[in-house]
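Participant: There's a structure below that I have some questions on.
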Amino acid sequence: MTCAKKLKTAVDCEEERHWILPVLAQHITTNTIELDTVYAGAIEDKKVTSRLLKELCIAYPLKLHQHLKRIRNSGTGKNVRLEVLLCCERDLPCPEERIRSQMHATLEANNVSTEGLGNVYLAKVPRSSPLTRAQYREAIAYWPTQFHEDKQLELLLDGRYFGSADRTKIENHMRTAISRARNSTGEARVGAVFVDPLSDTVVCSSCDLRDAEHPFHHAPNVCVDLVARSQGGGAYEYNGVSANPDSSDSPCFVRELRRCSPEAEVPRAPDERTPGTRELEGHKGRTATVDKGLARNSAGLPYLCTGYDLYTTREPCVMCAMALLHSRIRRVFYGCSVPGGALGSYYNIHVQPELNHHFEVFRGILQEECKKLQWDTV
């Protein structure tokens, strides 16, 4: 028994080491249900149920609560009875002490016959449709509600979204970022790696290069600029840029990929799509459909980092997060969180509805190894 218990603990620890945690919007991760107040009533004669539903749907259609079921079973065994959701409290405001005396008359005045309808009372119901199974369990404790499970979201929440092969790839790319971080010449030991998931190749990598002259050269920012360089652009020049991805003594690496000219020929992605493939909103006239994570503009060229994944040892700051957003990054994987971080710790920039691009974020990859980098002296 003890051996089995020890074996189970070892397996659990191994699984925990491989956890890749999604950073989702708060309204998805919370299990707290926002509630509204409604009028409900007991149906004393089940024969009037159909007629009552029809009249209520005409008089009070519940436009804001279409996720709720209008009828519920209350009680158990021989004491089971039907209860009906009548209308929202704000539709017929009535002092609580007068509900019994006034509600029947009010319903009759609105062409809803109260024959067979018993006591009317106030009830709490979920304000919106649940997004997760945990929210659904919380919601039905108040009133029956419809729920359409998002299987991909549930896989994300319970840690089963990535298989073992995917986890191995993700950890290997993070180890590349950790290795690059050890070459940092700036204020912190941070490494960043951009990967094209279509071919699983490293596009560029960099460490922190901040100094008095270039205070904005955070590792993710440098990578965005290196991608621009690989496409014929870029704003800065860097010392020691290597063309060898395995070079361990250079601060950054960039692969010469594409040049931003109409004549450039870029191999088209295969027709099949990967999990998470979705249509992206066009940006200033560019069509932006995602094929295997790689979006292209009207000239057949990618827009900066469209379709790429970032692996960075530390959670990006606000400046880097906005640079990633504007360059159309696909996914971000980071090792350890930091106070004031922009992708989960303090802000959730990647899921702000007001912004015109959103991307997926995952944290906790090789977290302990990434934390140790922060204590190393540059």
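Computed from the coordinates by the stated procedures, all read-outs in this text should not be read as laboratory data. Nothing here was measured: the structure is a model prediction, and the numbers come from that model. Glycine gets a Cβ as well: all are built from the backbone with ideal geometry, and neighbour counts include every protein chain shown.
Participant: Mind ordering 323-330, 216-223 by average Cβ neighbours within 10 Å, highest first?
Facilitator: Output ranking for 323-330, 216-223: 216-223, 323-330.
Participant: Once you order the gyration tensor axes a ≥ b ≥ c over the Cα atoms, which shape class does the range 23-90 get: rounded for a/c under 1.5, otherwise prolate or oblate by comparing a/b with b/c?
Facilitator: oblate
Participant: Take the Cα atoms of the range 53-144, find their three principal axes, and give me the spread along each one in whole Å, biggest first.
Facilitator: For the range 53-144, the Cα extents along the three principal axes come out at 40, 34, 27 Å.
Participant: Could you tell me the distance between the Cα centroids of the range 125-150 and the range 89-122, to the nearest Å?
Facilitator: Each part reduced to its Cα centre gives a spacing of 27 Å.
Participant: Compute the distance from the alpha-carbon center of the range 217-238 to that of the range 172-204, in whole Å.
Facilitator: Centre-to-centre distance over Cα atoms comes out at 14 Å.
Participant: Rounded to a whole number, what is D in µm²/s for the range 125-164 from Stokes-Einstein with the Kirkwood radius over alpha-carbon pairs (10 °C, 1.306 mPa s)?
Facilitator: Taking Rh from Cα pairs, D becomes 145 µm²/s.
Participant: Okay, next question. So which of Lys169/Lys371; Lys124/Lys151; Lys54/Lys78; Lys54/Lys151 end up more than 23 Å apart by C-alpha?
Facilitator: Beyond 23 Å: Lys124/Lys151; Lys54/Lys78; Lys54/Lys151.
Participant: Under a crude label model (7 Å from the Cα following the beta-carbon direction), how far is Lys54 from Asn73 in nanometres?
Facilitator: About 2.5 nm, to one decimal.
Participant: Right, next: What does the net charge come to around Ala342 if you take all other residues with beta carbon closer than 13 Å to its beta carbon, with K and R at +1 and D and E at -1?
Facilitator: Net charge in that neighbourhood comes out at +1.
Participant: How far apart, in nm, are two points set 7 Å out from the Cα along the Cα-to-Cβ line at Lys151 and at Gln352?
Facilitator: Going by the 7 Å Cα→Cβ label model, 3.5 nm.
Participant: When the C-alpha atoms of the range 154-201 are aligned to their principal axes, what extent does each axis show, in angstrom, from largest down?
Facilitator: 41, 25, 14
Participant: Something else about it: What is the distance, in nm, between label points placed 7 Å from the Cα along the Cα-to-Cβ direction at Lys372 and at Arg98?
Facilitator: 7.3
Participant: Another one. How much FRET efficiency would the formula 1/(1 + (r/R0)^6) give for Trp19 and Val318, where r is the Cβ-Cβ distance and R0 is 45 Å, rounded to 0.05?
Facilitator: 0.95
Participant: Over the alpha carbons of the range 302-366, what is the largest minus smallest coordinate on each principal axis, giving the biggest first in Å?
Facilitator: 30, 24, 16
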